[in-house]
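Asks: The structure that follows is given in the form of structure tokens.
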Amino acid sequence: MILSYCYICNSSLEGDNKSFEHIIPNSIGGFAGSYNLLCRNCNTKLGLEIEGDFAKSLNPLCALLQIKRDRKNFPHIKNLKDKDGNLYNLHNGRKPIKIKPQIQKLDSNYFISARDIKEATHIIQKLKAKEPTLEIDNWEQKLVETKTRMREPLHFQLNFGGVNFFRTIAKIGVNSYLHLGGDRKYINTAVKYIGNPQNAHSNLIHYHVEPNPTMTLEPLEVCHCIYIKGNKERKILFVYIELFNTLSFVLKLSDNFDGDDFEKTYCIDVIEGKQVDKKITVKYPEGASPEGYKPHDEVFFPVIQSKMSRLMKVAQVQQVKMTFKDEYAELWKECQKNYDDDPINNKKQSIAFLENVTTLLNDLLNQNIKDENIP
């Protein structure tokens, strides 16, 4: 069923009023979309009003998994802590940079650890202003640029939930249902909730837990999946939404469904950026409480913890792959700089390059990250 009007405000989707709406937000790796869902005004309003909070909640996962989005850069993760309590920002989801420089004074000597030359210059100028007698001649010659790989883990908290978060989840469900040909007459309550959550019942959307995997995954596969089911006998129409194969929700579209029984699925592999076919098994509404699970429920935490553990293992592998790719490129660029017209020299440079690549690979593999360890 192709819509010719916005499902929020009912305005006609023609000309400049059309807008491209991602089925699953691009901020978490969604790529497919439609011009037949939202008008330009509603798309912009909802993007600003609710999807910003949603993206902010899940940005750390997108960064660690290095998920491709329309924006070229991966999101930063801020305020991570090491075991000593030092704070870092993880630039582009991979490069740890200390938030504050380190300045130590031993006797009459200062030892400064800065993030770049500009910062080091600023620190030295401030020290000179504070201590005019300080000898800082030729300080640039004493600079030592270092590059080290962190061996200790950094810790961060993943916070998700809240009204705007769930409104975005509901929008994903409605987008998917309509995109897959659903009849709009069954989604009025969900549409009201997306536009204004005070207009909907409190049990419209909730967390959902499936103790067993809902689908078969390849070792390094991470998916966003939508499963829609209509059951005429039970009069229930619902959407099951699973993000990162970890966070899962159920959106009840209707409890007065009178159409033909059906099941539809939409899944994307967010690592590879492609649509995939999956057979999904979900027990709702037969097995789940109508009110859904809460994060503090005894059944909820162990399942989420297990799924999150798998997700972090995939993220580790992604981090290693991207690090190797970037550092390999740097080594190759440096090697090319040293090439000249002497074939003997070029052969030496090539051998040195291969040795450096081997060292890099061994260094990364020593972190004991193996694909087969991921269930």
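Asks: Jot down the radius of gyration and Dmax of the chain, Cα atoms only, both in angstrom.
Replies: Final numbers for Rg and Dmax: 26.2, 87 Å.
Asks: Counting other Cβ atoms within 10 Å, which GluC sites (Glu not before Pro) in the range 54-140 have at most 11 and lie in a DSSP loop?
Replies: Sites meeting the loop and neighbour criteria: Glu135.
Asks: Also, quick follow-up: Rounded, prolate or oblate: which one fits the range 1-82, using the alpha carbon gyration tensor with axes a ≥ b ≥ c (rounded when a/c is under 1.5, else prolate when a/b beats b/c, else oblate)?
Replies: It is prolate, given that a/c is not under 1.5 and a/b is the larger ratio.
Asks: Comparing Cys42, Cys335, Cys225, which has the greatest mean-square fluctuation in the GNM of the chain with Cα pairs linked when under 10 Å apart?
Replies: Among Cys42, Cys335, Cys225, the largest mean-square fluctuation in the Gaussian network model of the chain belongs to Cys335.
Asks: Solvent-accessible area of Lys307, probe 1.4 Å, all protein chains present, reported in Å² to the nearest ten, please.
Replies: Here the accessible area works out near 40 Å².
Asks: For the range 51-207, what does the alpha-carbon gyration tensor say about shape, rounded, prolate or oblate, given a ≥ b ≥ c as the root eigenvalues, a/c under 1.5 as rounded, and a/b over b/c as prolate?
Replies: prolate
Asks: Here's a follow-up. Spelling out what I want: for every residue of the range 85-97, take phi, set θ = phi - 60°, compute 6.51 cos²θ - 1.76 cosθ + 1.60 (Karplus), and round to whole Hz; glycine and proline get x.
Replies: Here the 3J(HN,Hα) series is x, 6, 9, 10, 10, 9, 6, 6, x, 9, 9, x, 10 Hz.
Asks: If the elastic network links every pair of Cα atoms under 10 Å, which of Asn138, Asn26, Asn362 fluctuates the most in the Gaussian network model of the chain?
Replies: Of the options given, Asn138 has the highest mean-square fluctuation.
Asks: Something else: Got a number for carbon plus sulfur as a percent of the range 79-169's accessible area, 1.4 Å probe?
Replies: 49 percent
Asks: Also, quick follow-up: Sort Lys128, Lys252 by heavy-atom solvent-accessible area, probe 1.4 angstrom, most to least.
Replies: Lys128, Lys252
Asks: Which aspartates and glutamates, on any chain, are close to Lys83 with Cα under 20 Å apart, when same-chain ones fewer than 8 places away are left out?
Replies: List returned: Glu152.
Asks: Let me ask another. How long are the three semi-axes of the equivalent ellipsoid for the range 46-140, computed from the Cα gyration tensor as the root of 5 times each eigenvalue, in whole Å, largest first?
Replies: Listed largest to smallest, the semi-axes of the range 46-140 are 38, 14, 12 Å.
Asks: Quick one: order His179, His224 from most to least accessible surface, probe 1.4 Å.
Replies: The ordering from most to least exposed comes out as His179, His224.
Asks: Let me ask you something else. Cut-off 10 angstrom, C-alpha nodes, Gaussian network model of the chain. Which of Asn175, Asn245, Asn86 fluctuates the most?
Replies: Checking each option, the largest mean-square fluctuation is seen for Asn86.
Asks: Could you pull the Rg and Dmax for the range 4-43, using just the Cα atoms, both in Å?
Replies: Rg, Dmax (Cα atoms, Å): 10.0, 29.
Asks: Kindly report the accessible area of the range 171-252 per residue (heavy atoms of protein chains, probe 1.4 Å, no ligands, DNA or RNA), in Å².
Replies: On a per-residue basis, the range 171-252 sits at 36 Å².
Asks: Angle, helix 52-65 long axis vs. longest principal axis of the chain, Cα atoms, 0 to 90°, nearest 10?
Replies: Helix 52-65 sits roughly 60 degrees off the main axis of the chain.
Asks: Enumerate the amide H contacts of Phe244 below 5 Å, restricted to partners 5 or more residues apart or on another chain; note that Pro and chain-start residues carry no placed amide H.
Replies: Cys223, His224, Cys225
Asks: Express the accessible area of the range 44-152 per residue in Å², computed with a 1.4 Å probe while the remaining protein chains stay in the model.
Replies: Heavy-atom accessible area per residue stands at 74 Å².
Asks: Give the peptides 228-238, 100-110 in descending order of average Cβ contacts within 10 Å, highest first.
Replies: 228-238, 100-110
Asks: List, in order, the whole-Hz ³J(HN,Hα) value for each residue of the range 262-278 obtained from phi through the Karplus relation with A = 6.51, B = -1.76, C = 1.60 and θ = phi - 60°; use x for Gly and Pro.
Replies: So the J values, rounded to whole Hz, are 7, 9, 9, 9, 9, 9, 10, 8, 7, 6, 8, x, 8, 7, 10, 8, 9.
Asks: In deg cm²/dmol and to the nearest 500, what is the mean residue ellipticity at 222 nm of the chain if only DSSP H runs of at least 4 residues count, each as -39500 (n - 2.57), divided by the residue total?
Replies: Dividing the helical sum by the residues of the chain leaves -11000 deg cm²/dmol.
Asks: Given a 1.4 Å probe and every protein chain left where it sits, what share in percent of the accessible area of the range 312-368 is carbon and sulfur?
Replies: 53 percent
Asks: Next question, about the same structure. What is the helix-to-structure angle for 163-179, meaning the angle in degrees between its Cα long axis and the longest Cα principal axis of the chain, kept from 0 to 90 and rounded to the nearest 10?
Replies: Once rounded, the angle reads 60 degrees.
The values are calculated or read from the model by the stated rules, or taken from the named source; none is laboratory data. Keep in mind it's a predicted model, so treat the numbers as computed, not measured. Glycine gets a Cβ as well: all are built from the backbone with ideal geometry, and neighbour counts include every protein chain shown. Please note that ligands, DNA and RNA were not included when accessible areas were found on the heavy atoms of the full protein model with its side chains. Shrake-Rupley method; radii C 1.70, N 1.55, O 1.52, S 1.80 Å.
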